[in-house]
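Just below is one structure, and these are the notes that go with it.
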Amino acid sequence: MQSKKLEAYYGLPEEVKFCKKCVMSNQRPASTAEFKHTINSKKVTLNFDEEGICDACRNAEIKEKIDWEEREERLLELLDKYRRNDGYYDCLVPGSGGKDSAFQAHVLKYKYGMNPLTVTWPPIMYTDYGYENWKNWIDIGGLDNISFRRNGKVMKLLTKLSIENLFHPFQTFILGQKNLGPRLAAKFDIPLVFYGENEAEYGNPIADNMTSLRDKSYFSFKNLDEIYLGGVSIKEIQETYEVRLSDLMAFLPPTENELEDKNIDVHYLGYYLKWTPQEVYYYAVENTGFKARPFRTQGTYSKYNSIDDKIDDLHYYTTFIKFGIGRATYDASQEIRNKHITREEGQALVKRFDGEFPDKYFNEIMEYIGMDGDYFRNELTDKFRSPHLWTIVNGVWKLRHTVNSDGVDDNK
Ligand SMILES: [Zn+2]
């Protein structure tokens, strides 16, 4: 056992544990309101119970016992309340045209007779496949869409700040993806918004998943002083980088007041309908012309999860550095919970793919934000390695603990 305590960054648990059912560790942060995220934010992490099982796995067990017919009844009641026949939209579906949003909008429209407006906060850097899938979603799926192109200069600046200050390349995408829906719903007077799955599926506190409604703190705020983008306060961004507030508003959620006057209900369709990534994928292929990438995504083994954004692969590399959790760990854990693979198979996939450097789009991304690639790969990366997770052996960074128990400190 370690005698000297090693510092844990980001408020992560000092002792690293792995779930006995999946391959996820207790270092996995729950998703929080991005617009309050600073380098000093303390992460709330995935809870493990006394048997060493994570909340996401417990949640999957609960899901097995759900009476899905009863849930669908409740969905029908909800939809009946909002459905319109006067030619106007009755619900709004934010999405990229990836498999989940493709499924969502399509079933709402063609199975349940709703009139959705889809809205898209485009990826930071579209992949060819992502763009093609978005187009097919609209053209083959037969849906109206508003795609919102935000100020590209500000997008670039904020993405760079979030990488430099938080090592979080995906923040600008997450911000828009979460905020655009409720914001446009308020603007267009569409009182019902559907997201896909609840964050709790993957490890937010279980209580969050006991309701179909998204907590308002995710998508609204009370005053500007509590907002940070790229880890920098709104005031500082305006002063230091000479950015106007009007150029930042697209990244901010609507205010609480804006929403209350409008009575916007944000629901998770995944609460009402059984959501299995593989089945959702086949549905999207069938109905909206969704295509997987013909090659494996770097850092994992899958071909159809989150393939719209070139920055996505880098995002999972940063979670590997900050939390010791790479993309294969996320993907395998989910597939273990869905009983598509065993834990042993998951362990092997993690060993093989987790933390693989995503060099395919790397140079393009660095060029986009104007950052030196060597600086990113060395100085910046190392700054975000928490001492309780990483150590150097013969000049090479190694994890202290792994799900395969072959980390540097695993057999001490
Ligand atoms: Zn688990």
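Odds and ends about this structure:
- Qualifying residue in segment 370-384 (condition: within 23 Å of GLN334 (Cα to Cα) and of a type outside the set (Phe, Trp, Tyr)): no
- Single residue of LEU46, LEU92 found to be out of contact with any Lys or Arg (no Cβ under 7 Å at 6 or more places or on another chain) and either closer than 25 Å to PHE173 by Cα or surrounded by 12 or more Cβ atoms within 10 Å (Cβ to Cβ) (or both): LEU92
- Of the residues screened, GLU335 is one that is out of contact with any strand residue (DSSP E or B) (no Cβ under 7 Å at 6 or more places or on another chain) and at pLDDT below 95.
- Counting the residues of segment 58-110 that are of a type in the set (Lys, Arg) and either closer than 30 Å to SER333 by Cβ or touching a Phe, Trp or Tyr at 6+ places or on another chain (Cβ under 6 Å) (or both) gives 6.
- Considering only residues in segment 1-55 that are free of Cβ contacts under 8 Å to residues at least 40 places away in the same chain and acidic (Asp, Glu), the one that is farthest from the ligand (Cβ to nearest atom) turns out to be GLU15.
- In segment 239-280, residue surrounded by the fewest Cβ atoms within 10 Å (Cβ to Cβ) [restricted to those that are in a loop (DSSP other than H, G, I, E, B) and at pLDDT 90 or above]: GLU242
- Pair list, Cβ < 6 Å and 6+ apart or interchain, from segment 348-361 residues that are within 15 Å of HIS315 (Cβ to Cβ) and in contact (Cβ under 8 Å) with a residue 12 or more places away in the chain to residues that are among the β-branched types (Val, Ile, Thr) and not in a loop (DSSP other than H, G, I, E, B): ASP354/THR329
- THR402 meets each of the listed conditions (1) of a type in the set (S, T, N, Q); (2) crowded, with 16+ Cβ neighbours inside 10 Å; (3) under 30 Å from PRO123 (Cβ atoms) apart from (3).
- Candidates in segment 342-367 are the residues that are farther than 19 Å from LEU399 by Cα and buried (at least 18 other Cβ atoms within 10 Å of the Cβ); of these, the one that is farthest from the ligand (Cβ to nearest atom) is MET366.
- Yes/no for LYS235 being at pLDDT below 90 and more than 20 Å from the chain's Cα centre (by Cα): no
- Only one of GLU64, GLU72 that is within 16 Å of the ligand (Cβ to nearest atom) and either of a type in the set (A, V, I, L, M) or over 21 Å from SER31 (Cβ atoms) (or both): GLU64
Every residue, every condition in (1) closer than 30 Å to ILE365 by Cβ; (2) modelled with pLDDT of 95 or more, yes or no:
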residue: LEU79; (1), (2): no, yes
residue: ASP86; (1), (2): no, yes
residue: LEU92; (1), (2): no, yes
residue: ASN145; (1), (2): yes, yes
residue: ARG150; (1), (2): yes, no
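- Residues located in segment 159-198, provided they are in contact with a helix residue (DSSP H, G or I) (Cβ under 6 Å, 6 or more places away or on another chain), in a helix (DSSP H, G or I) and within 28 Å of LYS322 (Cα to Cα): THR159, LYS160, SER162, GLN171, THR172, ILE174, LEU175
- Yes/no for GLU335 being within 16 Å of the ligand (Cβ to nearest atom), of a type outside the set (S, T, N, Q) and free of Cβ contacts under 8 Å to residues at least 60 places away in the same chain: yes
The values are calculated or read from the model by the stated rules, or taken from the named source; none is laboratory data. All values reported here derive from a predicted model rather than from experimental measurement. Positions of Cβ are generated from backbone atoms using ideal geometry, with glycine treated the same way; all protein chains shown enter the neighbour counts.
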